[in-house]
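The values are calculated or read from the model by the stated rules, or taken from the named source; none is laboratory data. What you see is a predicted model, and the numbers here were worked out from it, not measured in a lab. Neighbour counts are summed over all protein chains in view; Cβ atoms, including those assigned to glycine, are modelled from backbone coordinates with ideal geometry. Ligands, DNA and RNA are stripped out before the accessible areas are found, and what is left, the full protein with its side chains, is counted by its heavy atoms. Shrake-Rupley method; radii C 1.70, N 1.55, O 1.52, S 1.80 Å.
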Amino acid sequence: MAGAVGIIVVIIGLLLSVALHEIGHMVPAKRFGAAVSEYSVGFGPVIAQRTWRGTRYVIRWILLGGYVRILGMLPPAQPGTRTHRGSKLTLAEQARRQSAEEMIDEGATGIPFYQLSVQQKITVMMGGPVMNLLISAVLTAVALMGIGIPTASLTLADAPQTITMRDGEEFPGPAYQAGIRAGDTVRSWGDTSVHQWDDLVGAITHTGSEPTAVTIERDGVEQTMTVTAHQVSDGSYITGIVAGVERRSAQVSTVGSVWAQMGIGTAAIVVKLPVAVWNVVESLFTGKDRGEDSVMSVVGVGRVAAEVSSSAAHDTQSGGTDFAGAAGTLLMLLASLNMALFVFNLIPLLPLDGGHIAGALFEGTRRMWARLRNRPDPGPVDTARMLPVTYAVMLILVVMTIVLVIADIVVPVTLPL
């Protein structure tokens with residue numbers, strides 16, 4: 001049951017993330033006067049729709065994403081541009097004319113996108129990825145500050161009657177022998193008052209295997225017992241107490257550090273994406289286990305969500321459910337997915353947002369160079385000429401998605417939970 005809930009939460013979280021990503025594009029586009037004909041949540045047949053201020057807002061049946069239609073993305077051909085190949089229009093010219101026709105067919109209220117200034121184009125195209133970046137930051141803060149970080153607690157989870165070491169050595173649990181039980185809270189160890197788990201570890205190391213007076217609190221009443229730690233072959237001391245777990249709100253600096261590391265790690269994966277996908281293909285054909293850092297499709301993310309939520313929802317200390325643990329795990333998963341959407345969309349290739357941003361930057365550089373040389377304004381960049389690259393990138397993305405989906409079914413990533 002917990003696994004199904006985890007999948008549902010991630011699906012809804014991804015849907016909302018994509019919807020907000022598109023809002024990040026739409027709001028500045030409308031603010032700058034660009035023609036935005038439609039904002040849609042989902043694909044396929046329409047469930048509900050409403051037109052407001054020149055934009056049709058739609059909810060569709062296939063809730064696997066969303067989109068915003070900003071019209072006039074392609075400028076008309078500059079004088080001297082080749083528009084025909086023989087008697088036929090070039091692919092770029094067909095796209096230019098279709099872009100112009102959309103402005104008329106959709107009854108657009110606003111200017112075409114290509115007429116926006118360079119700064120406005122960059123703002124519009126950065127709006128989506130930045131929205132994902134903000135979502136990632138908020139989810140990370142909620143998970144680490146609101147729900148908290150699991151921290152060792154002085155209220156004991158267990159005091160086993162018998163302890164078995166990895167080398168097979170077995171001996172009675174010193175704490176259990178002294179009368180300490182699960183649920184007791186350690187207040188002092190020897191002459192040292194303890195306030196956190198690290199204090200307790202230091203006190204145990206200091207007293208060694210000498211009989212030590214230990215004060216615990218049970219049902220609101222303090223009791224003192226004598227514990228003699230057992231020294232094992234590696235020289236360490238075993239007392240037979242197992243820390244409980246409590247959640248403590250993280251500091252802002254900790255949240256910032258975790259978030260920054262998430263971004264750095266995601267960027268490193270995206271940079272090595274071709275190699276990462278090749279490793280997945282190799283695992284698919286050889287059956288070799290995939291690493292924890294392997295790239296995944298939505299299917300793989302759903303499987304991981306089910307696994308981590310099921311694991312986190314089972315409280316090994318009480319046999320109950322740790323809803324906070326499950327929620328924190330899923331929030332961090334969604335935070336990392338939004339960070340991935342931010343980084344991936346900034347790849348400077350069309351049709352990704354980064355491709356449009358790169359085009360706008362090139363346009364600005366070209367116009368500035370023309371001004372410095374007292375040349376006429378060269379106008380907007382003819383992005384229609386990049387259609388072959390756009391189609392190639394789209395084909396690669398489709399093939400990559402299919403490969404990852406198959407791999408996530410045949411050789412799924414298994415996390416050590």
Residue satisfying all of: in segment 68-81; under 14 Å from VAL124 (Cβ atoms) and open to solvent by 40 Å² or more (accessible area, probe 1.4 Å); farthest from the chain's Cα centre (by Cα) among these: MET73
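Rundown of residues vs (1) of a type in the set (Gly, Ala, Ser); (2) part of a helix (DSSP H, G or I); (3) touching a residue at least 60 places away in the same chain (Cβ under 8 Å), yes/no style:
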{"site": "GLN94", "(1), (2), (3)": "no, yes, no"}
{"site": "ALA100", "(1), (2), (3)": "yes, yes, no"}
{"site": "ILE104", "(1), (2), (3)": "no, yes, no"}
{"site": "THR109", "(1), (2), (3)": "no, no, yes"}
{"site": "GLN120", "(1), (2), (3)": "no, yes, yes"}
{"site": "SER136", "(1), (2), (3)": "yes, yes, yes"}
{"site": "THR140", "(1), (2), (3)": "no, yes, yes"}
{"site": "GLY146", "(1), (2), (3)": "yes, yes, yes"}
{"site": "THR151", "(1), (2), (3)": "no, no, yes"}
Residue that is nearest to the chain's Cα centre (by Cα) [pool: residues in segment 82-93 that are open to solvent by 40 Å² or more (accessible area, probe 1.4 Å) and within 28 Å of GLY107 (Cβ to Cβ)]: LEU91
Candidate set: segment 181-218, residues that are of a type in the set (D, E, K, R) and under 20 Å from ALA152 (Cα atoms); chosen: the one surrounded by the most Cβ atoms within 10 Å (Cβ to Cβ): ASP184
Residues satisfying the stated conditions in segment 281-299, i.e. in contact with a Ser or Thr (Cβ under 8 Å, 6 or more places away or on another chain) and either among the basic types (Lys, Arg) or at pLDDT 90 or above (or both): ARG290
Verdict on ALA178 being more than 27 Å from THR162 (Cβ to Cβ) and open to solvent by less than 30 Å² (accessible area, probe 1.4 Å): no
Hey, VAL46 within 24 Å of LEU14 (Cα to Cα), in contact with an Asp or Glu (Cβ under 9 Å, 6 or more places away or on another chain) and hydrophobic (A, V, I, L, M, F, W, C) or not: no
Total residues in segment 300-323, condition at pLDDT 65 or above and surrounded by fewer than 16 Cβ atoms within 10 Å (Cβ to Cβ): 1
Any hit, segment 241-260, residues being within 28 Å of MET400 (Cβ to Cβ) and either modelled with pLDDT of 90 or more or in contact with a Ser or Thr (Cβ under 8 Å, 6 or more places away or on another chain) (or both): yes
Filtered residue count, segment 97-120, keeping only those that are closer than 14 Å to THR55 by Cα, of a type in the set (Val, Ile, Thr) and exposed (fewer than 15 other Cβ atoms within 10 Å of the Cβ): 1
Selected residue [acidic (Asp, Glu) and touching a residue at least 12 places away in the same chain (Cβ under 8 Å)] from ASP191, ASP199, ASP167: ASP167
Every residue from segment 222-277 that is open to solvent by 60 Å² or more (accessible area, probe 1.4 Å), over 30 Å from PRO348 (Cα atoms) and assigned to a helix (DSSP H, G or I): VAL252, SER253
